[in-house]
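To start, the structure itself, in structure tokens.
The values are calculated or read from the model by the stated rules, or taken from the named source; none is laboratory data. Because the structure is a prediction, the values reported are computed rather than measured. Reconstructed Cβ throughout: ideal geometry from the backbone, glycine too, with neighbour counts over all protein chains shown.
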Amino acid sequence: MSTKYPTSTRWIGTDEAGKGDYFGPLVVAGVLVDDSIAKSFKELGIRDSKKLSDSRVRDLATRIKKTSLFSTVIIGPEKYNELYCEIGNLNRLLAWGHSRVIENILKTEQCAYAIADQFGDEKFIIQALMEKGKNIQVLQRAGAESDMAVAAASIIARAEFIQRLAALSLKYGIDFPKGASPQVIETGKEFVERYGKERLNEVAKFHFKTTKLVLAKTGDTQQSIAT
């Protein structure tokens, strides 16, 4: 069943990458499309980045950036942990990121509405929008990646996440895996043993329950780390 959106020739799609990954940043991206660009994206094979290989994601991200106005907000692990402690709610943190990319695009071009994948109450994004974003309609829908603008945003966000995670791996000499699997826990243990628990917030999202599992592996507890 197709979802009906407001009739408009231009709209913004937003999506994020890194939300469920213990290591690496949270990246939010927004892409502005019109009917013609959306059609060309469909012909190009643009779809939800989770259904694409990393190499394909990188290739498509390059093509999207040459075609459309876009914006990215990159929240590295240290800043992410700082903001999470300040905001105290992941949905509000996501809303902050989504609203920023919408605003950034609206500084250059205007459009009627923006579409985001469902992650919480729509009011989180609406409340987070500043002056230039207040006149735009924000729609959140489950499975919004079927929209070409949202799918394109998911690809740009994922490509940036992949690049940033690789940079962290190079910096610390540890191959940081995606997700929050048992392999992630073992990698976290290796990091703590090499660099110390105090530096875990440089590479990981500290509020994940994975942190307790990592520290338990090293014989320590999360409570012993000052946040």
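Would you list the strands (runs of 3 or more DSSP E) that sit entirely within the stretch 1-86 and hold 1 or more residues that are without any contact (Cβ under 8 Å) to a residue 60 or more places away in the chain?
So the answer is 26-34, 70-75.
Can you find, within the stretch 144-191, the residue that is farthest from GLY13 (Cα to Cα) among those that are modelled with pLDDT under 95 and surrounded by fewer than 17 Cβ atoms within 10 Å (Cβ to Cβ)?
The residue in question is PRO182.
Of all residues being assigned to a helix (DSSP H, G or I) and free of Cβ contacts under 8 Å to residues at least 40 places away in the same chain in the stretch 131-162, which is nearest to the chain's Cα centre (by Cα)? Just the residue, please.
For the stretch 131-162, the residue satisfying everything is GLY133.
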